[in-house]
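In what follows, a structure is listed as structure tokens, so that the remarks can point back to it.
The values are calculated or read from the model by the stated rules, or taken from the named source; none is laboratory data. If you're wondering where the values come from, they're calculated on a predicted model, not measured in any experiment. All Cβ positions, glycine included, derive from the backbone under ideal geometry; neighbour counts span all protein chains shown.
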Amino acid sequence: MSSTGENTRTGGDAEQSDNGLENSRIIVCDDSMLNIIILTKALTTAGYNQIVQLTDPRKVLPSVLEKDCDLLLLDIEMPHMDGFQVMEALHEHLFADDFLPILVLTGHQSIEVRNRALAEGANDFLNKPFDESEILLRVRNLLKIRQSHKLQQYLNRQQAAVAELGRNALAGMSLPDLFGEAANQVARILGVEFAEIFESDEKGVNLSLRAGMGFAHDVLQAEAAPADLDDDDLSGSLFDATTQRLSQAEYTLMKEKSLIVKDFRAEHRFEVSPMAAAQGIVSGISIVIPGKFMPFGVLAAHSTRSKRFTQDDVYFLEFVANVLSAAILRKQAEEEIHRMATTDPLTGVANRRRFSELLDHEINRAVRYGAAFSLILCDLDKFKQINDTHGHNVGDEVLKGAANTIRKNLRESDWLARWGGEEFIILAPQTDADMGLMLAEKLRVALAEHAMEHVGHVTASFGLTQFAPHDTATCLIKRADDALYQAKHLGRNRVETLLPAATANQ
């Protein structure tokens, strides 16, 4: 009795699962259907549930290429194509790092046949007639070798992905791009459809989506906006799992440990998010992305299949999370260094160095596009008297209060900096002298009307000028300073304008 077709037999569950070996895909190829039946019965009785039966050796290669195979039981003497030719074809078409164990079925006892089989890629032999206990022992041994090889390949892919992510982070890849790359790598390595990176807010309460793999763009946009929770809601949100209001990511953030979900449909620890429910997600895994003082957020992966996540998967996500954490901390440190280098530590506005950079940039832009802009110097009136009377601590508070008042009355496009001592400087792009005068007057009134603690009302004098072609930063600031001197000389608490000669004559 023979057949040239392919038939897949599915057996029952193994009584004792050997680390998932019962789910191995085993191809049995023999031109004798009787031998195939004997082997299949022994394997299915032992719990192996994916047996592919082939009587035509020409179908072995297509079957292996079509779907991953874990073990090949191969007869040597067959019509159309013998076992040696099958092994040669497999060797030519499989990648070098692919390992397909081959258990040769033979009635030959000669050393020559066995040596040739070993040379062609065979790993073990099973003599005919078959002994059931020997079948199962040799099959199990080869499958365990195959399992170890697959695990090592998987770990190698994990290490390569983490290394690549680390190189990108060290090369200065932006955080949004790095998050997107991490989500892609996680989904690819774990073999899942979805991966997400969530960022926690400063309170460690709300999560917002920073990157996602596998979701439609509109779904990502909707999920990116965090839900607003008031402080009064904290007892019933992330910090009270009994409310059933937590998502998997929020629950992970609260527990600060890894979480594996085998079946969302049977989950009771948290509520399945609408995004997960809409995608038909069944299984998932999530871990916390560590931060310096508190977690940065959560890294998660999901599948629409019932996937068995392992501790190796947890380790992989932890490595990825550590790379992201290091990149985030590095970026935060760089931003802090930049902030310290460009910000006045007392008032929090830009310092003189930063303002000089902004002014040079605006001059170049004005020259290129012919745009007007105004420069305003502001000096607090009688500030030395405040320091002498109330002390430097009160003087510092006055400076901070003045900076806040000015900042609140500027437009989004305007730049404010502390120029030195009690002087502030304002850059107003796309603003001619008339508009600049209105802005300076608005600032003067706002300062004069604002009562400060300990000292009451504090006034300021303003010097205004407008950029003209061929102006340098030095001459522009000098002209604004001369206008400020006039305002001081004419009685303080006023705005004076000094325009370049060409502009003044128009």
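Let's see how each residue does on (1) in contact with a strand residue (DSSP E or B) (Cβ under 9 Å, 6 or more places away or on another chain); (2) among the basic types (Lys, Arg):
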{"residue": "Gly280", "(1), (2)": "no, no"}
{"residue": "Gly284", "(1), (2)": "yes, no"}
{"residue": "Phe293", "(1), (2)": "no, no"}
{"residue": "Arg308", "(1), (2)": "yes, yes"}
{"residue": "Ser325", "(1), (2)": "yes, no"}
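Looking for something of a type in the set (S, T, N, Q), in a helix (DSSP H, G or I) and within 50 Å of the chain's Cα centre (by Cα) - is there at least one such residue anywhere in segment 127-141?
Going through segment 127-141, the residues of a type in the set (S, T, N, Q) turn out to be 127, 133, 141.
Filter once more, keeping what is in a helix (DSSP H, G or I): 133, 141.
Going one step further and asking which of them are within 50 Å of the chain's Cα centre (by Cα), we end up with 141.
Yes, segment 127-141 has at least one match.
If only one of Lys331, Lys307 is among the basic types (Lys, Arg), touching a residue at least 12 places away in the same chain (Cβ under 8 Å) and buried (at least 18 other Cβ atoms within 10 Å of the Cβ), which one is it?
Result: Lys307 is the single residue among Lys331, Lys307 that is among the basic types (Lys, Arg), touching a residue at least 12 places away in the same chain (Cβ under 8 Å) and buried (at least 18 other Cβ atoms within 10 Å of the Cβ).
Could you tell me whether segment 220-235 includes any residue that is of a type in the set (D, E, K, R), surrounded by 13 or more Cβ atoms within 10 Å (Cβ to Cβ), part of a loop (DSSP other than H, G, I, E, B) and at pLDDT below 55?
Keep residues of segment 220-235 that are of a type in the set (D, E, K, R), which gives 223, 228, 230-233.
Okay, now just the ones that are also surrounded by 13 or more Cβ atoms within 10 Å (Cβ to Cβ), so 223, 233.
Adding the requirement that they be part of a loop (DSSP other than H, G, I, E, B) leaves none.
No; the residues of segment 220-235 include none that is of a type in the set (D, E, K, R), surrounded by 13 or more Cβ atoms within 10 Å (Cβ to Cβ), part of a loop (DSSP other than H, G, I, E, B) and at pLDDT below 55.
Do we have Glu181 as of a type in the set (Asp, Glu), assigned to a helix (DSSP H, G or I) and either buried (at least 18 other Cβ atoms within 10 Å of the Cβ) or not assigned by TED's automatic domain parsing to the domain that holds Leu329 (or both) here? Explain how you work it out, then say what you get.
On the way: of a type in the set (Asp, Glu): yes; assigned to a helix (DSSP H, G or I): yes; either buried (at least 18 other Cβ atoms within 10 Å of the Cβ) or not assigned by TED's automatic domain parsing to the domain that holds Leu329 (or both): yes.
Yes, satisfied.
Which one is modelled with the lowest pLDDT among residues in segment 19-46 that are within 20 Å of Ile102 (Cα to Cα) and either assigned to a loop (DSSP other than H, G, I, E, B) or not assigned by TED's automatic domain parsing to the domain that holds Leu74 (or both)?
Ranking the candidates gives Gly20 first.
Condition first: surrounded by fewer than 17 Cβ atoms within 10 Å (Cβ to Cβ) and more than 26 Å from Asn156 (Cα to Cα). Now tell me which residues in segment 90-109 satisfy that.
The answer is Gly107, His108, Gln109.
Taking segment 280-304, which residues are part of a loop (DSSP other than H, G, I, E, B) and either more than 16 Å from Met213 (Cα to Cα) or hydrophobic (A, V, I, L, M, F, W, C) (or both)? I'd like the intermediate steps shown before the answer.
Going residue by residue through segment 280-304, those that are part of a loop (DSSP other than H, G, I, E, B) are 280-282, 290-296, 304.
Scanning segment 280-304 gives Ile281, Val282, Pro290, Gly291, Lys292, Phe293, Met294, Pro295, Phe296.
Taking the conditions exactly as written (surrounded by fewer than 14 Cβ atoms within 10 Å (Cβ to Cβ), of a type in the set (A, V, I, L, M) and without any contact (Cβ under 8 Å) to a residue 60 or more places away in the chain), does Leu74 satisfy them or not?
On the way: surrounded by fewer than 14 Cβ atoms within 10 Å (Cβ to Cβ): no; of a type in the set (A, V, I, L, M): yes; without any contact (Cβ under 8 Å) to a residue 60 or more places away in the chain: yes.
Judged against the criteria, Leu74 is not a match.
Considering (1) among the aromatic types (Phe, Trp, Tyr); (2) at pLDDT below 90; (3) within 23 Å of Ile36 (Cα to Cα), say which one Phe84 fails and leave the rest.
If we test Phe84 against (1) among the aromatic types (Phe, Trp, Tyr); (2) at pLDDT below 90; (3) within 23 Å of Ile36 (Cα to Cα), just (2) comes out false.
In segment 47-74, which residues are under 44 Å from the mean Cα position of the chain (by Cα) and not in a helix (DSSP H, G or I)?
Gly47, Tyr48, Asn49, Gln50, Ile51, Val52, Lys67, Asp68, Cys69, Asp70, Leu71, Leu72
Looking at Gly491, Gly401, can you tell me which residue is farther than 11 Å from Ile376 by Cβ and touching a residue at least 12 places away in the same chain (Cβ under 8 Å)? Spell out how you get there, then give the answer.
Details: Gly491 fails: touching a residue at least 12 places away in the same chain (Cβ under 8 Å).
The unique qualifying residue is Gly401.
Is it the case, given these coordinates, that Leu427 is out of contact with any Gly (no Cβ under 7 Å at 6 or more places or on another chain) and either in a helix (DSSP H, G or I) or of a type in the set (S, T, N, Q) (or both)?
Details: out of contact with any Gly (no Cβ under 7 Å at 6 or more places or on another chain): yes; either in a helix (DSSP H, G or I) or of a type in the set (S, T, N, Q) (or both): no.
When the stated conditions are applied, Leu427 does not pass them.
Enumerate the pairs (first residue in segment 374-389 and part of a helix (DSSP H, G or I); second residue anywhere and not aliphatic (A, V, I, L, M)) with beta-carbon separation below 6 Å, excluding pairs fewer than 6 apart on the same chain, so at least 6 apart or on different chains.
Phe383/Glu422; Ile386/Gly395; Asn387/Gly395
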